[in-house]
1. Is it the case that residue 31 is farther than 26 Å from residue 197 by Cβ and not in a loop (DSSP other than H, G, I, E, B)?
2. Against the conditions (1) in contact with a strand residue (DSSP E or B) (Cβ under 6 Å, 6 or more places away or on another chain); (2) part of a loop (DSSP other than H, G, I, E, B); (3) farther than 25 Å from residue 230 by Cβ, where does residue 276 fall short? Just the number, please.
3. For region 52-71, indicate whether the set of residues that are part of a loop (DSSP other than H, G, I, E, B), among the aliphatic types (A, V, I, L, M) and at pLDDT below 90 is non-empty.
4. Can you tell me which residue within region 111-122, out of those that are modelled with pLDDT of 90 or more and part of a loop (DSSP other than H, G, I, E, B), is farthest from residue 284 (Cα to Cα)?
5. Looking at region 194-269, what strands (runs of 3 or more DSSP E) fall wholly within it and have at least 1 residues that are small (Gly, Ala, Ser)?
6. Could you figure out which of (1) in a helix (DSSP H, G or I); (2) touching a residue at least 60 places away in the same chain (Cβ under 8 Å) isn't true of residue 49?
7. Here are 233, 257: which of them is surrounded by fewer than 17 Cβ atoms within 10 Å (Cβ to Cβ) and small (Gly, Ala, Ser)?
8. Does residue 228 satisfy the criteria of being touching a Lys or Arg at 6+ places or on another chain (Cβ under 7 Å) and of a type in the set (D, E, K, R)?
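The values are calculated or read from the model by the stated rules, or taken from the named source; none is laboratory data. On a predicted model such as this, the values are computed, not experimentally measured, just so you know. Positions of Cβ are generated from backbone atoms using ideal geometry, with glycine treated the same way; all protein chains shown enter the neighbour counts.
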Amino acid sequence: MSQDFSTLGVRADLVQGLDALGIQSPTAVQSAAIPFLLKDGGDLIAQAQTGTGKTAAFGVPLLSKVDPALDKIQGLVIAPTRELAKQIGKELFRFTKFCQPKIFIEVAAGGDKIADQIHRLSRPTPILVATPGRLNDLLKAGLQLDGVRYLVLDEADEMLSMGFQNELATIFKATQARQATWLFSATFQKRVQGLIEDHMSANAHRVQVEPKQIVNRNIEHQFAICAREEKDAFIINYLKAQGSARGLIFCRTRAGAIRMGEELAKAGLSIAVLQGDLSQRDRDKVMRGFKKERIQFLIATDVAARGIDVEGLSFVIQHQLPDAMQYYTHRSGRTARAGKRGVSLTLIEPGERGEITKLEQSLGLNFSVV
């Protein structure tokens, strides 16, 4: 029997909200997490990548458990980047379309005026979605988190790799009255394990989504073999053959992304670069231009691309293989959104053919050579 959200225990108004968004069949992480979080609601550790439906997995139980009549922040979601925080806030808001009384959700991230955020948080706000840095600024300004019952850490590995250890420690301290912590992470390096050991129950419920369950079948996976010094010319020729199609090019490093941006711009291509050293204002400008289709191609690093959700991308190019296998899923998942088809093309050097075989075996994919 195929599952739907009602059989997972989700209440009718939220099922209606999900249905209005075309979300009818739970993903693997939703099927595993939602019944536990609705019934038990204790500490949860989930290994899941971008594109697995994590936001609904924690968002639906969170919306079910907060009391809109209570004038306190009861659910707190922490995300590594401004884009991801805003994306989560928008999705949670959409889920509540049919909820009565209305459940208010606020987003607090850098790049927006803190005074405006303080003003908005003076109103009853059952759920706050925030980035670690901005939340720490708000705590210094007097924000109280003593009413927080549920703390959600989304993409915990990214927050730690971005250097937010101290900010997270402060957030844990400010939410000591919480009933549960729900942690979602694509990887579990030592730093993430340390966070779990220091701040979560030893009996936390664990959920793991196998990579083979999460690959979007609308993506065609391709690879091309070329020497490092030939990659720029290959990408330039590929992009020039794309007509009006739009796409995203991933580089492993910030310096590599900047260098490639200069080469592609010299070739007359409509290009912009998204990397970690950009100011929030410049980052917003780049994303606005890309979303409004004033820019055809975007170059990004893995961390800078977190939270990017642009519809209608025909392809993703990976200038080199990612550092970790799960990043392949993050990257390729930027194309073929909303039921459309797309291409994920990886450039490899002659000695790297075996890495493609590893990806095929571990993710259950079939690659074709171009």
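1. Against the criterion (farther than 26 Å from residue 197 by Cβ and not in a loop (DSSP other than H, G, I, E, B)), residue 31 qualifies.
2. (1)
3. Within region 52-71, none of the residues are part of a loop (DSSP other than H, G, I, E, B), among the aliphatic types (A, V, I, L, M) and at pLDDT below 90.
4. Within region 111-122, the first condition is being modelled with pLDDT of 90 or more, and the residues that meet it are 113-122.
So of that shortlist, the ones also part of a loop (DSSP other than H, G, I, E, B) come out as 113, 121-122.
Values: 113: 14, 121: 23, 122: 27 Å.
Only one residue fits best here, namely 122.
5. Numbers: elements: 205-208, 219-225, 247-250.
So the answer is 219-225, 247-250.
6. Among (1) in a helix (DSSP H, G or I); (2) touching a residue at least 60 places away in the same chain (Cβ under 8 Å), the lone unmet condition for residue 49 is (1).
7. It is 233.
8. No; evaluated as a whole, the condition is false for this residue.
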